[in-house]
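Q: Got a structure for you, written out below as C-alpha cells; questions coming shortly.
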Amino acid sequence: MLTNFARDILRAAGLPERAAGVTAESLVDADRHGVASHGLIRLPIYVERLQRGMVDPNAVPTVLTDGARAQVDGHNAMGAFVASTAVDAACSLAEDYGIGSSTARHSNHCGTMGYYARRAAQRGNFVIAVSNAPVTMAYYGGRTPAVGTNPLAIAVPRPEGPPVVLDIASSAVARGKIIVAHSQGEAIPLGWALDSRGHPTTVAAEALKGTMLPFGGPKGSGVALMIDLLCGVLSGGPSGPGIGNMYEDWDRPQDLGHTFLVSRVDEALTRYGDELEEFLTWVRSLPPAEGCDAVLLPGDIEQAAAETSDRQGVPLAETTWTALNTLAESLDAEAIPNSPPPIQ
C-alpha cells in the first residue's frame, strides 16, 4: 500500500512509471527496515526538486561496458533509478565474469545504500556499495563542512535467510537522523555535529546549520575521502563542493556518483554455507557486555524492524504521514486516510 501510495505521488509529480516505482520502493524499504531518516520523509523534497527542474523526470540512465566494468551516465535522472540500473549492471557482469563493477555519475540522492546491497546479495553476490554526498561533514581536524557523509554498504548472502548487511555513513550518524530529530523537536547527542561556529551542539537546528562529525575521528574522515575519490573525480564527476545540496542548491543538479563492486559467491555458498551459518551462530552466542542484551550481526536491528513491519505494518512518524497526505492532495493524487502504525 505505501509503495503504491508513494509511486502514485511521484507519478502525479511527472515521473514515469519505471523511475517512480523503484524510487518509491527504495524509500519504503528504508522505513520498513527502521531507517526513517532515508524513507518517505524524503519524498516531499524529491517532488520539490522534480517540480523545480533540478531532476530530469524523463531521463533514462545509459550503460557502457568494457569487460567486467560498466560506466553508467544517469543524465540527472532520479537517484534510485540510476543506482538500481548501476547495481543491476554490475550483477549482470558478475554473472558473466565472476566479478563486476559499475560506476554511476550525474545522479541524485538514491536513499540507503543497503537497499542496493541487498538487491545484489539476493542474486547470490557479495557486494560493496558506496556513494558520495554533498558537503556536510568536517574532515578530522577541521571544523567546517568539507566532505559528504559518504555511505558504505557491504552485503554477504547466506544459503538461507536474509543476507548480512553493513550499512553505515562515514559520519558519526546519518544526517537524516538529525533532520528527523529536528522535525520532531528532539535534541541530538553530543558528538554528532558542530554548530555554525564550530562548537559541539545538541540542538538539531544548529547542527543542520553547522557540520557533521566523522565516526572514529580520522577513520571516518579517511573513509569519506576515499569514497569521494572513487565516486567523484575518478568517475568523471565532481567531488567535495562540486556536489549539489538537495535541500539548499536550487540552481544546479546534485551530480552525485555511486560505485558498486560485485562478486559471485554462489559456488562458495554451496561449498561453505554450513560453515558460514555456524560462524554467524557462534558470533550471536557470545556473552554480551554489560548493558547489552546480545551480540548482534550487522543488519540484525534493521532485519528485525523489517520483520516487525511485515507483521504489523510499516511505521511512520505522524508528521511524515501528514506531510505525505498534504503532498498527495496538492498533486491531486489519492491520499490514504488511515495512517500506518505510529513510531514507538
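Q: Give me the percent of accessible area attributable to carbon and sulfur for segment 175-314, probe 1.4 angstrom.
A: Details: 4540 of 7800 Å².
Of all accessible area on segment 175-314, carbon and sulfur atoms account for 58 percent.
Q: Turning to a different aspect of this structure: Quick one: net charge around PHE215, please, counting Lys, Arg +1 and Asp, Glu -1 for every other residue with C-beta under 14 Å from its C-beta. Numbers along the way, then the final one.
A: Numbers: positive: ARG175, LYS177, LYS219; negative: ASP167.
Overall, the nearby charge balance is +2.
Q: Here is a follow-up. Just report the Cα centroid separation between segment 169-186 and segment 219-237, whole Å.
A: The distance from the Cα centre of segment 169-186 to that of segment 219-237 comes to 22 Å.
Q: Here's another thing I want to ask about it. Probe radius 1.4 Å, ligands and nucleic acids ignored: give me the carbon and sulfur share of the accessible area of segment 77-165 as a rounded percent. Don't skip to the end; give the middle numbers.
A: Values: 1490 of 2820 Å².
Answer for segment 77-165 is 53 percent, counting heavy atoms of protein chains only.
Q: In sequence order, what are the phi-derived ³J(HN,Hα) couplings for segment 17-32 according to the Karplus relation 6.51 cos²θ - 1.76 cosθ + 1.60 with θ = phi - 60°, rounded to whole Hz, with x for glycine and proline?
A: Coupling constants for segment 17-32: 4, 4, 5, 5, x, 6, 5, 4, 4, 5, 5, 5, 4, 5, 5, 4 Hz.
Q: While we're looking at this one, here's another question. When all alpha-carbon pairs of segment 18-177 are counted, what percent fall beyond 25 Å?
A: Values: 3909 of 12720 pairs.
Value for segment 18-177 (Cα pairs over 25 Å): 31 percent.
Q: In square angstrom, rounded to the nearest 10, how much accessible surface does LYS209 have for a 1.4 Å probe?
A: Counting only protein heavy atoms, the figure is 140 Å².
Q: A further question follows. Can you tell me the accessible area per residue over segment 204-289, all protein chains present, probe 1.4 angstrom, in square angstrom? Kindly include the intermediate steps, with their values, before the conclusion.
A: On the way: 4500 Å² over 86 residues.
Solvent-accessible surface per residue comes out at 52 Å².
Q: A follow-up question, please. Let me see the P(r) profile for segment 1-100: every Cα-Cα distance counted, bins of 10 Å, each bin given as a percent of all pairs.
A: For segment 1-100, the pair-distance distribution reads 16, 42, 29, 13, 0.
Q: Each label point is 7 Å from the Cα along the Cα-to-Cβ direction; what then is the distance between the points at ARG271 and ALA289, in nm?
A: Taking the two extended label points, one gets 3.6 nm.
Q: Taking only protein heavy atoms and a 1.4 Å probe, what accessible area per residue, in Å², does segment 53-188 have with all protein chains in place?
A: Working: 5060 Å² over 136 residues.
Per residue, segment 53-188 has an accessible area of 37 Å².
Q: Something else: Mind listing the long-range amide H neighbours of LEU316? Cut-off is under 5 Å, sequence gap 5 or more, other chains count too, H placed in the peptide plane at 1.01 Å from N.
A: ILE343
Q: From zero up to wherever the largest Cα-Cα distance of the chain sits, split into 10 Å bins and tell me the percent of pairs in each.
A: 6, 24, 34, 27, 9, 1
Q: Now for a separate question. For segment 7-112, which trypsin sites (Lys or Arg not before Pro) are in a loop by DSSP, counting at most 14 other Cβ atoms within 10 Å?
A: On the way: sites: ARG7, ARG11, ARG18, ARG32, ARG42, ARG49, ARG52, ARG69, ARG105; in loops: ARG52.
Those satisfying the criteria are ARG52.
The values are calculated or read from the model by the stated rules, or taken from the named source; none is laboratory data. Everything numeric in this text was worked out from a predicted model, so none of it was measured. Reconstructed Cβ throughout: ideal geometry from the backbone, glycine too, with neighbour counts over all protein chains shown. Heavy atoms of the whole protein, side chains included, go into the accessibility calculation; ligands, DNA and RNA do not. Shrake-Rupley method; radii C 1.70, N 1.55, O 1.52, S 1.80 Å.
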